[in-house]
Amino acid sequence: MQTLLKIGIVEFRPETGEKEKNIHKGIEIIEEAGRQHVDILCFPELWTTGYLGGSRLSEFAEKIPGLTTKTLAAASAKFNMFLVGGAIPEVAGRNLYDTVFCTDRKGKLVGKHRKAHLWGDYEHQYFTHGRECTVLRTEFGRLGLGVCFDGDFPEYSRVLALRGARIFFNPSGYPSPDEEDWRMFYSCLARQNGFYVVSVNLIGHETGLYVKSFYPEGVNFFGESRIIDPFGTTVIQSDPNRRDTALYVAEIDLDLVEKARDKPYFNLNQRRPELYGTLTAKKRLKSFRH
């Protein structure tokens, strides 16, 4: 199994509601990644439509597989590249999902994950909860998938680790003023679970044109996309002075996963599940103060 990989992360500034333009720009980025011989390329959340698609989401949504997934898969397959295509609006029956999809080096759809933890009134208004903690078996070993707010839950990432994930891909639309959460949470997740975390964020300001009742002033996305190794160390981070779409590429060594997990008393190996029943209780405590 290949252990040295080139990972590409795309910090994307979408034009809200301009799906064709965004996809065209995405294909340009795929071609740039191909020239750099990237093995796995990851886009952020709702980059094809803009995060604040709101009232137009049902217009933008597609089945998976669909035209968008097939177009992006074909572009990445030209370069023998595995694609974590970011999250796009998926229609299934009467429901809309915020769904990340993956295609292999030949352009075949190999899996998807529907965002399980919806954030805020806006997402609850338009999307339906996913129902899975998703791990895919791939040529690189097992890959864990989440979308943005999924990564804020340590229970979620721990399930991915226990199912063998060596990399956790979490395409995101993380907004200001939540920079400190973003900076703290994901380094901890990487170190505690002994896997790589690939956190890819949107960048730039989106207007609230289609979501005036939720975000009349729009939203600022701060970027700070990162790849974090299994010891919690940042391998690469996006340029904080750059506010437009950009590709960042770094080499990772999957052997570090085993090295991290083989440390004496590494917590995955010292768990006591019999103590953790409260985590799966259907009812939460009425108060956390006492």
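Filtering the stretch 1-58 down to residues that are modelled with pLDDT under 95, of a type outside the set (A, V, I, L, M, F, W, C) and more than 30 Å from LEU96 (Cα to Cα), which residue is surrounded by the most Cβ atoms within 10 Å (Cβ to Cβ)?
Ranking the candidates gives THR3 first.
Give the residues of the stretch 60-88 that are in contact with a Lys or Arg (Cβ under 9 Å, 6 or more places away or on another chain) and in a helix (DSSP H, G or I), sorted by residue number.
PHE60, THR68, THR69, ALA73, SER76, ALA77
Going through the stretch 131-164 one residue at a time, which ones are among the basic types (Lys, Arg), in contact with a Gly (Cβ under 8 Å, 6 or more places away or on another chain) and surrounded by fewer than 16 Cβ atoms within 10 Å (Cβ to Cβ)?
Residue satisfying the conditions is ARG163 alone.
So which residues in the stretch 254-279 are surrounded by 13 or more Cβ atoms within 10 Å (Cβ to Cβ) and touching a Ser or Thr at 6+ places or on another chain (Cβ under 6 Å)?
LEU254
Here is a check on your reading of the model: is ARG226 farther than 19 Å from THR245 by Cα and modelled with pLDDT of 95 or more?
On the way: farther than 19 Å from THR245 by Cα: no; modelled with pLDDT of 95 or more: yes.
The answer is no for ARG226.
Enumerate the strands (runs of 3 or more DSSP E) found wholly within the stretch 103-183, keeping only those where 1 or more residues are of a type in the set (Ser, Thr, Tyr) and in contact (Cβ under 8 Å) with a residue 40 or more places away in the chain.
134-138
Would you pick out the residues in the stretch 184-198 that are closer than 23 Å to HIS124 by Cβ and assigned to a strand (DSSP E or B)?
Here is the first cut: in the stretch 184-198, the ones closer than 23 Å to HIS124 by Cβ are 185.
If the condition is that a residue be closer than 23 Å to HIS124 by Cβ and assigned to a strand (DSSP E or B), then no residue fits.
Go through the stretch 51-95 and count every residue that is among the charged types (D, E, K, R), over 27 Å from TRP119 (Cβ atoms) and out of contact with any helix residue (DSSP H, G or I) (no Cβ under 8 Å at 6 or more places or on another chain).
Within the stretch 51-95, residues that are among the charged types (D, E, K, R), over 27 Å from TRP119 (Cβ atoms) and out of contact with any helix residue (DSSP H, G or I) (no Cβ under 8 Å at 6 or more places or on another chain) number 1.
What number goes with the only condition from (1) closer than 30 Å to GLU217 by Cα; (2) in contact (Cβ under 8 Å) with a residue 12 or more places away in the chain; (3) not in a strand (DSSP E or B) that VAL91 does not pass?
(3)
Of everything in the stretch 61-80, what is more than 22 Å from LEU136 (Cα to Cα) and buried (at least 21 other Cβ atoms within 10 Å of the Cβ)? Give them in sequence order.
ALA61 - this is the single residue of the stretch 61-80 that is more than 22 Å from LEU136 (Cα to Cα) and buried (at least 21 other Cβ atoms within 10 Å of the Cβ).
Looking only at the stretch 205-225, how many residues end up being in contact (Cβ under 8 Å) with a residue 60 or more places away in the chain and within 21 Å of ILE7 (Cα to Cα)? Can you show your working first?
Here is the first cut: in the stretch 205-225, the ones in contact (Cβ under 8 Å) with a residue 60 or more places away in the chain are 206-211, 214-215, 218-219, 221, 223, 225.
Now narrow it down to the ones that are within 21 Å of ILE7 (Cα to Cα): 223, 225.
Number satisfying all stated conditions: 2.
The values are calculated or read from the model by the stated rules, or taken from the named source; none is laboratory data. Please read these numbers as outputs of a predicted model, since none were measured by experiment. As a convention, Cβ positions derive from the backbone with ideal geometry for all residues, glycine included, and neighbour counts pool all protein chains shown.
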